[in-house]
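Only one structure is covered here, and it is reproduced in the block below.
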């Protein structure tokens, strides 16, 4: 979430600062040069502009994140789409994938149109003029646009939301609050997998009708430098029953690989393990590992005491004796 907030601020701050500078106009005269006529011109009026920080915070709460965009997405097409929800102030495109092994800076590659069409999913930030437009925009989450299911959620996500069962929830750096009771973990994914591939795989209506329209969010864990996947993903469903049905996809193939699908255990949060480790991080397995560590720790001091009582090992004693004998002959 912190990473997304920094990105949003980088997008909206320059525009707000420029607008604030234009609104401020020429520098206000000093108190010493201000005449009586100037003082009487606007009695009681405040000449202090609204703080830029406050404007930035207000803009952040009027902004939505739009993910899984196709390479063909443009500011104009997104503004046309979201204008049905309310007046759009600005649209900024971010993180389009560029071709690998290019000997040019990323900015130059983007300007030259050197996009990787096979994995060119990006994201954008849409800033509305009124915060009241956000509910209508959020209702567009997972709608299909130009062959892709769009991810739409607040740029300033609420980190304090708890799971449906009252247990802890997890807010990842993409800003989405994942409820462990409605989420599944996917492993052994191809490195070149796209968010759209995962969405379509986990929306298989032949397994359960709930899966067809049940996905709320998808996060494919990627390498920050190459943007390639690391082979794992997290899928958040709208209901618990849909998440339970998704486990039936365990062992099915995606991109020539058999995908591993497990439920996310909420108990892992309280036990000190990551809730995204799935069933492999269960209490029994963690308990066995902890017992092994404790046993090794207990044996350590006993071994040291035993060696101290027995003296040096034979091989060490013989080596030391030879070293002393050589030193005596040289003397």
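The values are calculated or read from the model by the stated rules, or taken from the named source; none is laboratory data. What you see is a predicted model; the values in this text were computed from it and never measured. When we count neighbours, we look across all protein chains shown, and the Cβ atoms used for this are built from the backbone with ideal geometry, even at glycine.
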inquiry  = Going residue by residue through the stretch 194-202, is there one that turns out to be in contact (Cβ under 8 Å) with a residue 60 or more places away in the chain and more than 16 Å from the chain's Cα centre (by Cα)?
reply    = yes
task = Check whether at least one residue in the stretch 194-210 is at pLDDT 85 or above, assigned to a strand (DSSP E or B) and not assigned by TED's automatic domain parsing to the domain that holds residue 123, and report yes or no.
result = no
query = For the stretch 57-91, how many residues meet the condition of being under 13 Å from residue 152 (Cβ atoms) and without any contact (Cβ under 8 Å) to a residue 24 or more places away in the chain?
reply = 0
